[in-house]
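Below is one structure; the comments refer to it alone.
Any read-out appearing in this document is the output of simple, stated calculations on the displayed coordinates, not a laboratory observation. In this text, all values refer to a predicted model and were calculated from it rather than measured experimentally. Glycine gets a Cβ as well: all are built from the backbone with ideal geometry, and neighbour counts include every protein chain shown.
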Amino acid sequence: MEFTMSVPWSLLGFAVAASVTPGPNTLMVSAMGAAGGWRAPLPAMLGITLGFMLLLVLTSLGLAAPLAASPSLHGVLRWVGVLWLLWLAWKIGHAPPPEPGAAPRGFGFLAAAAFQWVNPKAWMIALAALPAFTAPGEAMLDAGLRIALTFGLISMPCLLVWALVGQGAGRLLRTPRHWRIFNIVMGLLLAASVLPLLR
């Protein structure tokens, strides 16, 4: 009983820490918030949340077993994620200032959901969460659903924090030069997020 009672709180803390810390998703949401306000990244935020929840559920059904068993498959996925993130960092770093009244650039719902499948941070969280927050003998699907629902409840508020941070930054960006510096910094931060994957 003590074990099962302690899991929800530890899982909740893990979900908050994993969702609110800087990473590809939060940086993308922040950049979109800077360009279009906190509402602009809402479809992407929903895509991130539901895409990651689906990843967690399918991982609990055994999707991660081949990945864990095959170092070469794990390496391929890691490098696909690294290259995708570097491409995204380049696109953000070279983005022009937003035009007044124009729709902000960035991911929509489907692109953000699909991005979770090549997002190395999402895979690392999923592969860490399942063994850490399951009880011996527990049905993996039940565990996957519990973990996915926890992340589903936590993800949107954490991403909203970054959308608001981006919106606040956007209000300070008065000139094309300011936007250029901001975009370069965001691109460099996103590029830097791949460094742990290169070890």
Original post:
How long is the gain from Leu145 to Ala128 if the chain were fully straight, where each residue apart is worth 0.36 nm and the alpha carbon distance is subtracted?
Top reply: 4.6 nm
Original post:
Under a plain spin-label model, where a point goes 7 Å from the Cα along Cα-to-Cβ, how far apart in nm are Ser72 and Leu86?
Top reply: 2.2
Original post:
What nm value, rounded to one decimal, do you get for the distance between Arg174 and Leu12 when each label is placed 7 Å out toward the C-beta?
Top reply: 4.4
Original post:
Taking K and R as +1 and D and E as -1, what net charge do the other residues with C-beta under 14 Å from the C-beta of Phe133 add up to?
Top reply: -1
**OP:** Grab the beta carbon distance between Leu54 and Leu164, set R0 = 30 Å, and tell me the FRET efficiency rounded to 0.05.
**Re:** 0.70
